[in-house]
Amino acid sequence: MLQDGKLYIGTSRKPDDTNNKPEYLDLKFGNRHGLVTGATGTGKTVTLQILAEGFSNAGVPVFCADVKGDLSGIGAMGEPKDFLQKRADQIGLTPYEFQEFPVIFWDLYGEKGHRVRTTISEMGPLLLSRLMNATDAQEGVINIAFKIADQGGLPLLDLKDFQALLNYMGENASTLSSQFGFISKASVGSIQRELLILEQQGAVQFFGEPALKISDIMRTTNDGRGAISVLAADKLMMNPRLYGTFLLWMLSELFEVLPEVGDPDKPKLVFFFDEAHLLFNDAPKVLIERVEQVVRLIRSKGVGVYFVTQNPLDVPETVLAQLGNRVQHALRAYTPREQKAVKTAADTFRPNPDFNCAEVITNLGTGEALVSTLEGKGAPSMVERTLIRPPASRLGPVTDAERQAIMKVSPVAGLYDEDFDRESAYEILTARAKKAADAAAAQQQADADQTSQQSSGGSRWTLPGFGDEEPAATSAPKQTKPRTGYQRETVAEAAMKSVARTVASSLGRALVRGILGSLRR
Ligand SMILES: Nc1ncnc2c1ncn2[C@@H]1O[C@H](COP(=O)(O)OP(=O)(O)OP(=O)(O)O)[C@@H](O)[C@H]1O
Ligand SMILES: [Mg+2]
């Protein structure tokens with residue numbers, strides 16, 4: 001059943017219910033994206049699981065979100081169960097062997113996996129606006145905020161940094177407006193309030209350092225298997241916009257970081273978007289267009305994107321058209337919208353004369369699906385009614401103890417678990433601004449004069465008008481605590497790690513942003 005260069009999905013059935021043939025996903029078309037759909041409880045997550053297993057065994061790293069906690073078992077050995085054995089027998093999968101997979105658990109909240117963070121700077125204005133559900137006016141101000149920060153080579157690490165920048169913009173709205181475009185104080189205020197809400201929802205933990213390095217989700221094991229990164233998303237799902245924005249940010253990062261590879265023998269990475277409707281729900285048109293563009297272009301970077309959702313209508317048509325490998329589980333067809341979904345799903349397959357697609361879709365059993373993958377020169381195969389193989393890893397969650405054990409031996413253990421010193425560039429700048437304001441006007445003037453001669457090197461971040469004119473030589477004796485020097489270095493280091501590398505060493509150079517607004521590398 002196992003074939004080189006192919007991933008076994010299941011075995012298709014003839015109309016008389018006898019085995020037809022094994023169905024495969026050809027790894028060389030693994031980067032041509034895919035779609036897994038079906039009503040609730042029809043077998044989508046198990047399909048995701050067996051696809052992830054297959055990619056991993058083929059040496060392809062996988063990233064997926066575990067929306068209900070039931071995917072985590074992929075990191076544990078499967079256990080014999082009657083219904084699984086029955087399925088294995090049915091499709092002629094003998095012997096039915098169990099396996100545990102190299103899993104790296106991730107969690108934005110740091111509870112069920114290694115922490116995942118990014119910085120505001122790296123997320124960029126488009127996704128941040130989406131995260132905040134910004135109005136057009138607010139988005140305008142957010143764009144200007146990034147312009148100010150980017151042009152100043154100023155890293156925005158966390159939400160506090162962004163708040164500070166907004167304060168600054170509010171206080172200097174008229175001056176800045178003439179330089180960067182109109183800044184409405186009311187919009188600044190409303191964004192600040194939105195930020196507070198985000199903070200309360202726990203997004204604050206997601207922004208900061210150390211930011212996730214994409215190379216850490218592209219690891220393989222010594223025995224040549226691809227790591228399966230599993231993002232704990234049960235808690236995250238309570239904030240669907242954060243979930244959706246986070247996954248888009250990942251996609252955007254992958255796109256910006258990875259080099260062109262054309263059409264590789266197998267993907268460099270496969271990315272599963274579970275609950276994909278959350279990406280597109282009420283998304284502004286421009287965002288959908290950009291997503292469509294990234295999905296189209298990321299293929300030649302060797303990344304396969306697989307959307308998992310209940311209803312094919314959840315995915316915009318332009319994106320849908322690019323998803324070459326399809327697994328359609330059962331759909332219900334009671335309401336007009338459901339009937340439309342069935343028709344859409346049926347119409348997108350290359351028909352099989354043996355059966356009527358639309359009819360079969362509503363009659364598929366659990367763990368059964370209509371399957372069509374790309375074959376030959378990249379054309380869709382004729383759709384087949386397929387019993388999906390049972391997983392080799394455990395069906396259902398890992399225990400907390402198992403999760404801890406896996407995290408302990410993970411290749412990224414310790415790398416992300418601690419925050420870098422949360423006192424970031426901005427707090428220091430703000431503190432300095434305050435100090436400068438407290439200082440005597442004459443002294444301040446003297447300090448300012450000195451600055452031009454003593455301006456520091458690339459490790460210091462400056463924001464015009466933020467009172468940063470105080471030269472290092474003057475501030476050092478005032479802060480006598482021994483931590484000061486260390487702290488300053490940590491901040492500089494933290495900043496350098498994620499953002500500065502893209503700023504090069506020149507503070508004045510503007511950052512360049514890609515399609516979804518992430519930093520270009
Ligand atoms: N390929 C399969 N082999 C054996 N059993 C399966 C298979 N696929 C699904 N099942 C059975 O069906 C159950 C539900 O499947 P699954 O959790 O994948 O559904 P789902 O579509 O993800 O549901 P939801 O929308 O609620 O997340 C599984 O727990 C398992 O018992
Ligand atoms: Mg599921």
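Read-outs: derived from the displayed coordinates by stated rules, not from any lab. Owing to the predicted nature of the structure, the values given are computational and were not obtained by experimental measurement. We place every Cβ from the backbone using ideal geometry, glycine too, and count neighbours over all the protein chains shown.
Computed quantities for the displayed model
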quantity: Estimated distance in nm for a label pair at Arg520 and Gln293, the labels positioned 7 Å out from Cα along Cα-to-Cβ; calculated: 1.2
quantity: J(HN,Hα) series, the range 125-138, from Karplus relation 6.51 cos²θ - 1.76 cosθ + 1.60, nearest Hz, glycine and proline x; calculated: x, 5, 6, 5, 4, 5, 4, 8, 6, 5, 6, 4, 5, 5
quantity: Mean Cα-pair separation over length for the range 130-224, i.e. relative contact order, pairs under 8 Å, 6 or more apart, %; calculated: 35
quantity: Whole-Hz couplings from phi, Karplus 6.51/-1.76/1.60, listed for the range 26-34; x for Gly and Pro; calculated: 6, 4, 6, 10, x, 8, 9, 6, x
quantity: Stretch gain in nm, segment Leu196-Lys28, where the contour uses 0.36 nm per residue and the Cα spacing is subtracted; calculated: 55.9 nm
quantity: Additional length obtainable on full extension of the chain from Lys235 to Asp438, 0.36 nm per residue less Cα span; calculated: 68.6 nm
quantity: Packing-based order for 120-130, 291-301, using average beta carbon neighbours within 10 Å, highest first; calculated: 120-130, 291-301
quantity: Amide H within-cut-off set for Lys6, under 5 Å, with H built and near neighbours excluded; calculated: Leu27
quantity: Two-site label geometry, Lys86 and Asp17: point separation in nm, points 7 Å out along Cα→Cβ; calculated: 1.3
quantity: Backbone N within the range 1-24 under 14 Å of label point (7 Å from Thr94 Cα along the Cβ vector); calculated: 1
quantity: ³J(HN,Hα) computed for each position of the range 52-63 - Karplus, 6.51 cos²θ - 1.76 cosθ + 1.60, integer Hz, glycine/proline x; calculated: 4, 4, x, 5, 4, 4, 7, x, 9, x, 10, 10
quantity: Amide H within-cut-off set for Ser229, under 5 Å, with H built and near neighbours excluded; calculated: Val62, Phe63, Cys64, Ile104
quantity: Set of the range 142-181 residues, backbone N closer than 12 Å to the point 7 Å along the Cα-Cβ line of Val204; calculated: 159-161
quantity: Relative contact order of the range 1-102, defined on C-alpha pairs under 8 angstrom at six or more residues apart (%); calculated: 22
quantity: Most to least packed among 12-24, 316-328 [average Cβ atoms within 10 Å]; calculated: 316-328, 12-24
quantity: Computed magnitude of the charge dipole of the range 105-235 (debye, nearest 20; Cβ of K, R +1, Cβ of D, E -1); calculated: 120
